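Asker: Sending over a structure as structure tokens; questions will come in a sec.
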Amino acid sequence: MTTPPASTRISVVIPVKDDAPALSRCLGALASQSRAPDEVVVVDNASSDDSAALARAAGARVVPCPTPGIPAAAATGYDAATGSLVLRLDADSLPGPDWVAAYAVAFRDRPDVAAFTGGARFHDGPVLLRTPLASAYLIGYALAGFAALGHLPLFGSNMGFRREAWLRVRGRVHRLDAEVHDDLDLAFHLGERRRIRFLPGAALGISMRPFHDVRAFRIRVRRGFRTVLRHWPVDFPVMRWDRRFLRAAGRAAR
């Protein structure tokens, strides 16, 4: 890998609620990065376990967020982050040793891109099911997101964006609605006028927990539909695609 820039300040944001064992593994993986993040912001979403104490012991900055829901916790973390690049993963994510470096190099090489999103593999569950289920899960999400957005969606377990891009849309995200997918919601706002690209070199491991409970998976699907509907009628797919084509035609005519 090309040597990542050391001068760019990078923040990693991790929302957490009662997930101390997974958070411990995630923080351990971040401590072993070839390009260390400049800060790790753990957003404690009113945990009843020792997630916050564990994060402090690992050297992370803990930011409390009493408002329930991942959208509020994630937005609180982005607001608190001090880096010019903000990377996001979940407590059960396990980034490889070059995860931070991959984002640092990508943002350096593509100043026109506001956000990158990476892939994932399952690091637990039945070995034979890890690859096909991860592929089905991520491809399905990408296709559904592309149809609704007109561009690539963001994947909250593995994504990064420029802080200046966040500051432009922070007032429009649905941070107080615990029933939306915060990553898809952010993609609606960031991707309207800014580029979101896939970063193949930033894959990491995630838990297969979404497939352990049918009810939990249904909740994810329901929240996906709710997120899309929260943006209608202004972001009705046909209208969004029309705006995208008109902007592209305008750029081509210059």
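The values are calculated or read from the model by the stated rules, or taken from the named source; none is laboratory data. All of these numbers come straight from a predicted model, not from anything done at the bench. Ideal geometry is used to build each Cβ from the backbone, glycine not excepted, and the neighbour counts take in all protein chains shown.
Asker: In segment 134-157, what count of residues is obtained for those that are under 17 Å from Asp90 (Cα atoms), among the hydrophobic types (A, V, I, L, M, F, W, C) and not in a helix (DSSP H, G or I)?
Answerer: Residues in segment 134-157 being under 17 Å from Asp90 (Cα atoms), among the hydrophobic types (A, V, I, L, M, F, W, C) and not in a helix (DSSP H, G or I): 2 in total.
Asker: Hey, among the residues in segment 35-81 that are among the hydroxyl-bearing types (Ser, Thr, Tyr) and farther than 23 Å from Arg172 by Cα, which one's surrounded by the most Cβ atoms within 10 Å (Cβ to Cβ)?
Answerer: Once the filter is applied, the top-ranked residue is Ser51.
Asker: Six or more apart or on different chains, Cβ under 7 Å: which pairs go from a residue in segment 116-132 that's within 30 Å of Ile10 (Cβ to Cβ) and in contact (Cβ under 8 Å) with a residue 24 or more places away in the chain to one that's of a type in the set (Val, Ile, Thr) and surrounded by 20 or more Cβ atoms within 10 Å (Cβ to Cβ)? Could you list them?
Answerer: What qualifies is Thr117/Ile196; Ala120/Ile206; Phe122/Ile206; His123/Ile206.
Asker: OK, next. Are any of the residues in segment 202-215 more than 30 Å from Val40 (Cβ to Cβ), surrounded by fewer than 17 Cβ atoms within 10 Å (Cβ to Cβ) and either out of contact with any strand residue (DSSP E or B) (no Cβ under 6 Å at 6 or more places or on another chain) or among the β-branched types (Val, Ile, Thr) (or both)?
Answerer: Yes, there is a match, as at least one residue in segment 202-215 is more than 30 Å from Val40 (Cβ to Cβ), surrounded by fewer than 17 Cβ atoms within 10 Å (Cβ to Cβ) and either out of contact with any strand residue (DSSP E or B) (no Cβ under 6 Å at 6 or more places or on another chain) or among the β-branched types (Val, Ile, Thr) (or both).
Asker: So Val13 passes all but one of these: (1) within 21 Å of Val169 (Cβ to Cβ); (2) surrounded by fewer than 22 Cβ atoms within 10 Å (Cβ to Cβ); (3) hydrophobic (A, V, I, L, M, F, W, C). Which condition number does it fail?
Answerer: Only one criterion is unmet by Val13, namely (2).
Asker: Residues that are within 30 Å of Asp109 (Cβ to Cβ) and in contact (Cβ under 8 Å) with a residue 24 or more places away in the chain: which strands (runs of 3 or more DSSP E) entirely in segment 1-72 hold 1 or more of them?
Answerer: In segment 1-72, 10-16, 39-44 are the strands (runs of 3 or more DSSP E) which contain 1 or more residues that are within 30 Å of Asp109 (Cβ to Cβ) and in contact (Cβ under 8 Å) with a residue 24 or more places away in the chain.
Asker: When you look at Thr76, is it within 25 Å of Ala114 (Cα to Cα), in a helix (DSSP H, G or I) and β-branched (Val, Ile, Thr), yes or no?
Answerer: yes
Asker: Separate question: Among residues belonging to segment 110-149 that are aromatic (Phe, Trp, Tyr) and in contact with a Pro (Cβ under 9 Å, 6 or more places away or on another chain), point out the one that is surrounded by the most Cβ atoms within 10 Å (Cβ to Cβ).
Answerer: Result: Tyr137.
Asker: Next up: Any idea which of (1) modelled with pLDDT of 95 or more; (2) in contact with a Ser or Thr (Cβ under 9 Å, 6 or more places away or on another chain) is the one Gly125 doesn't satisfy?
Answerer: (1)
Asker: So, in segment 158-204, of the ones that are small (Gly, Ala, Ser) and at pLDDT below 95, which residue ends up nearest to Arg9 (Cα to Cα)?
Answerer: Going through the qualifying residues, I end up with Ala202.
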